[in-house]
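Q: Okay, here's the structure, questions in a sec.
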Amino acid sequence: MSSLKMIEGYPEYMRKSIELVERTRPRRMREVYRRLSLEEREELLRKYHPDYKPGTKRPLRIGPNRGDEAPHELADLLEAHPLVKPIDVDLSKIDIDTDLLIIGGGGAGLVAALWANQEGLPPDRITIVTKLRLGDSNSVMSQGGVQAADRPPDSPVRHFLDVMGGGHFANKPELVKALTMDAPLMIKWLEELGLMFDKDEEGNMVEDWGGGTSIRRMHACKDYTGMEIVRVLRDEVRNREINVVEFTSAVELIKDDLGHVAGAVLVNMESEQYMVARAKATILATGGYGRLHIQGFPTTNHYGATADGLVLAYHVGARLTDIETAQYHPTGAAYPEQIVGLLITEKVRGLGAQVVNKHGEQFVFPLEPRDVEASAFIRECWERNNGVITPTGMRGVWLDSPMIEIIRGEGTIQRRLPAMYRMYKRFGIDMAKDPILVFPTLHYQNGGVAINDRGQTDIPGLFAAGEVEGGVHGKNRLMGNSILDYLVFGRRAGINAARYVKKANLGRLTLNHVDEYEKMLREAGIETDRKAPMILPDYRGKEVLARKIDIFK
Ligand code: SIN
């Protein structure tokens with residue numbers, strides 16, 4: 001590979017394919033690739049979406065979702081021994097005594113803390129614990145924007161229909177109603193906190209397309225929307241002096257003898273010592289499971305995304321929903337190797353870039369819902385053999401980014417996608433002049449802990465918000481609804497947990513549920529030396545995942 005001749009970031013053989021992309025571009029500029037019919041979408045999903053690949057899931061053998069299918073990587077954790085042994089924890093020694101414990105310092109946790117405070121809980125009675133630093137999360141890494149139907153001719157009803165269709169009508173309608181009805185309020189709230197949304201010369205918010213949406217409704221801050229949102233949320237949490245405990249991970253929930261969740265066992269990530277946090281209400285805001293690398297896919301997710309919240313909730317008997325589906329973002333970086341799997345925002349297609357194969361030909365409408373779009377890429381690369389193979393063996397298709405400059409004027413990429421432009425520049429690639437290579441990457445956990453529209457789980461005292469909860473997105477989330485999810489359900493969980501706290505009386509603390517979980521494992525005949533939660537992924541001794549994708553072989 002060292003003999004490869006590089007021309008401006010790409011090896012010579014990849015340049016030959018880029019020449020074909022350039023040659024077909026004038027013709028393609030006049031072509032609109034047709035959208036697939038519902039039947040065609042279904043067939044594509046069935047044949048090529050990783051969720052449908054045989055042998056990749058199994059029915060759970062224990063717990064409230066016994067019999068439901070889950071990807072092996074998640075089932076392994078739900079069927080593992082609890083990390084905490086009750087004998088090692090002294091529940092009579094309380095290290096943190098708080099009214100509201102929020103587990104997770106990403107978007108959902110920050111929003112929940114602010115609205116619980118708004119609802120009357122004093123800042124020193126709210127505690128956020130986070131295993132990394134405050135804000136380290138998928139939320140801060142999100143790029144393309146947040147959906148909200150906040151001006152005619154759009155409406156929350158139209159947004160509702162898009163979300164339900166995108167999720168294959170498996171979504172819980174009452175949750176989608178909350179999501180879409182609260183959206184305009186959340187955008188207004190963020191603006192009042194000082195968020196700098198993209199605006200046109202008249203001061204109106206710019207709205208862009210997202211995959212599977214019937215109208216432009218994506219509000220963004222260039223291509224670092226998540227960073228800007230987390231900036232204002234984190235500042236506000238710090239300004240209000242809400243308690244924050246960093247580098248501290250929740251490893252087991254605590255219950256009381258009345259069956260309520262009453263806090264958590266925490267572990268200090270440096271000293272590895274346990275701490276007991278007693279709380280009248282607990283909100284799970286732990287994010288998703290991208291770092292489980294379902295089916296060997298690379299991921300857009302941050303290092304802490306290891307399904308901890310699902311494991312903790314399952315240990316106390318909370319029901320999960322839609323856990324058999326994962327979201328593969330169609331456009332993960334496929335080249336260069338250093339950034340394989342990182343997010344290339346859907347906004348690149350929203351701004352006009354087409355997707356083309358190694359011959360420079362379109363093969364799918366660029367803004368199909370994510371699951372459909374990703375399936376079309378997989379088919380093109382693995383069945384039709386029309387992908388470009390990188391020097392390390394990845395396959396990918398071209399995202400014809402220079403089209404954006406032609407359609408919207410020179411300089412648009414640097415103006416609207418500055419972070420991505422800079423990222424590629426570091427590798428000698430000018431995405432305003434050359435296309436970029438992409439392939440699906442594990443992006444989101446579509447399902448999660450079941451909640452109602454107040455953010456409550458099935459277990460009293462336990463709330464959930466953000467990616468850890470499920471039911472909002474059905475079997476497939478649309479772009480821009482993850483930020484919206486943590487805004488809407490972070491707020492609802494924060495408000496309702498604060499109300500719950502006012503009436504709650506705690507009984508005696510117990511970890512009996514851990515013993516009961518061990519008993520369930522024994523009775524189901526599950527023998528394993530795995531322990532959960534995982535807390536952080538362990539990459540030692542494993543092969544580099546990105547090169548190992550053989551999805552449909
Ligand atoms: C993107 O910008 O494409 C990702 C945002 C999302 O997942 O909603």
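The values are calculated or read from the model by the stated rules, or taken from the named source; none is laboratory data. Note that the coordinates shown come from a computational prediction; the quantities given were computed from them, not determined experimentally. Reconstructed Cβ throughout: ideal geometry from the backbone, glycine too, with neighbour counts over all protein chains shown. Just the protein is used for accessible areas: all its heavy atoms, side chains included, with ligands, DNA and RNA removed. Shrake-Rupley method; radii C 1.70, N 1.55, O 1.52, S 1.80 Å.
Q: With the full set of protein chains in place, find how many percent of the accessible area of the chain is carbon and sulfur; take the probe as 1.4 Å.
A: Of all accessible area on the chain, carbon and sulfur atoms account for 50 percent.
Q: Once Rh is set to the Kirkwood radius over Cα pairs, what Stokes-Einstein translational diffusion coefficient, in µm²/s, holds for region 407-467 at a temperature of 25 °C and a viscosity of 0.890 mPa s?
A: D, rounded to a whole number, is 157 µm²/s.
Q: At a threshold of 8 angstrom on Cα-Cα distance, excluding pairs fewer than six apart, so keeping six or more, what relative contact order does region 40-189 reach in percent?
A: Once divided by the residue count of region 40-189, the mean separation gives 13 percent.
Q: Which whole-number value in Å³ per residue fits the convex hull of the alpha carbons of region 1-140?
A: Cα-based convex hull of region 1-140, divided per residue, equals 341 Å³.
Q: Tell me whether region 335-482 comes out rounded, prolate or oblate; compute the Cα gyration tensor, take square roots of the eigenvalues as a ≥ b ≥ c, and use a/c under 1.5 as the rounded threshold.
A: prolate
Q: Further, regarding this structure: Give me P(r) over region 155-209, computed from all C-alpha to C-alpha distances, binned every 5 Å, as integer percentages.
A: So the P(r) values, bin by bin, are 4, 18, 20, 20, 17, 13, 7, 2, 0.
Q: Could you report region 422-536's accessible area per residue, 1.4 Å probe, as an integer in Å²?
A: With all protein chains present, region 422-536 gives 36 Å² per residue.
Q: Treating only the Cα positions of region 272-425 as identical point scatterers, give the base-10 log of I(q)/I(0) from the Debye formula at each q in 0.09 Å⁻¹.
A: -0.40
Q: Wrap a convex hull around the Cα atoms of region 264-322, take a quarter of its surface area, and give that in square nanometres.
A: Projected over every direction and averaged, the Cα hull of region 264-322 covers 5.6 nm².
Q: Between R23 and E192, what is the FRET efficiency for a Förster distance of 56 Å, r being their Cβ-Cβ separation, to the nearest 0.05?
A: Calculated transfer efficiency: 0.65.
Q: Per-residue ellipticity at 222 nm for the chain, helices alone: DSSP H runs ≥ 4 residues times -39500 (n - 2.57), over residue total, nearest 500 deg cm²/dmol?
A: Only helices count here, giving -9500 deg cm²/dmol.
Q: Where does each of 274-286, 163-175 land if you order them by average Cβ count within 10 Å, highest first?
A: 274-286, 163-175
Q: For Cα pairs less than 8 Å apart in space and 6+ apart in sequence, what is the mean separation divided by the residue count of region 27-89, i.e. the relative contact order in percent?
A: Reported as a whole number, the value is 18 percent.
Q: A further question on this structure: For K57, list long-range residues whose amide hydrogen, built 1.01 Å from N in the peptide plane, is under 5 Å from its own amide hydrogen.
A: Those qualifying (amide H under 5 Å, at least 5 residues apart or on another chain) are H72.
Q: Using the scaling law 2.2 N^0.38 Å as the reference, what is the normalised Cα Rg of region 187-286?
A: Taking the Cα Rg and dividing by 2.2 N^0.38 Å, one obtains 1.56.
Q: Residue by residue through region 475-489, which ³J(HN,Hα) values in whole Hz follow from phi under the Karplus form 6.51 cos²θ - 1.76 cosθ + 1.60 (θ = phi - 60°), with glycine and proline marked x?
A: Going residue by residue, I get 9, 6, 8, 8, 3, x, 9, 7, 4, 4, 4, 6, 5, 5, 7 Hz, with x marking Gly and Pro.
Q: How much of the pair distance distribution for region 81-201 lies past 18 Å, counting alpha-carbon pairs only, in percent?
A: 69 percent
Q: So, one more: Taking just the alpha-carbon atoms of region 88-153, what radius of gyration and Dmax come out, in angstrom?
A: That works out to 16.2, 59 Å for Rg and Dmax.
Q: Between rounded, prolate and oblate, where does region 209-352 land on the alpha carbon gyration tensor, with a ≥ b ≥ c its root eigenvalues, rounded for a/c under 1.5, else prolate if a/b exceeds b/c?
A: Verdict is prolate for region 209-352.
Q: Report the net charge of residues surrounding R522, where surrounding means a beta-carbon distance below 11 angstrom and charges are Lys +1, Arg +1, Asp -1, Glu -1.
A: So the surrounding residues net to -4.
Q: Let me check against my output: what whole-number percent is the relative contact order of the chain, with C-alpha pairs under 8 Å and at least 6 apart?
A: Across the chain, relative contact order equals 25 percent.
Q: What Kirkwood hydrodynamic radius do you get for region 117-175 when you take the inverse of the mean 1/r over all pairs of distinct Cα atoms, in Å?
A: Computed over Cα pairs of region 117-175, the Kirkwood hydrodynamic radius comes out at 15.4 Å.
Q: Once you charge only the Cβ atoms, +1 for Lys and Arg and -1 for Asp and Glu, what is the size of the charge dipole of the chain about its Cα centre, to the nearest 20 debye?
A: That gives the chain a dipole magnitude of about 920 debye.
Q: Right, another one. Would you mind working out the accessible area per residue for region 53-211, using a 1.4 Å probe, and quoting it in Å²?
A: Value for region 53-211: 41 Å² per residue.
Q: Order 471-484, 126-139 from most to least packed using the mean count of other Cβ atoms within 10 Å.
A: Result, highest mean first: 471-484, 126-139.
Q: Suppose we keep just the alpha-carbon trace of the chain; what are its Rg and Dmax in angstrom?
A: Here Rg and the maximum Cα pair distance are 23.2, 73 Å.
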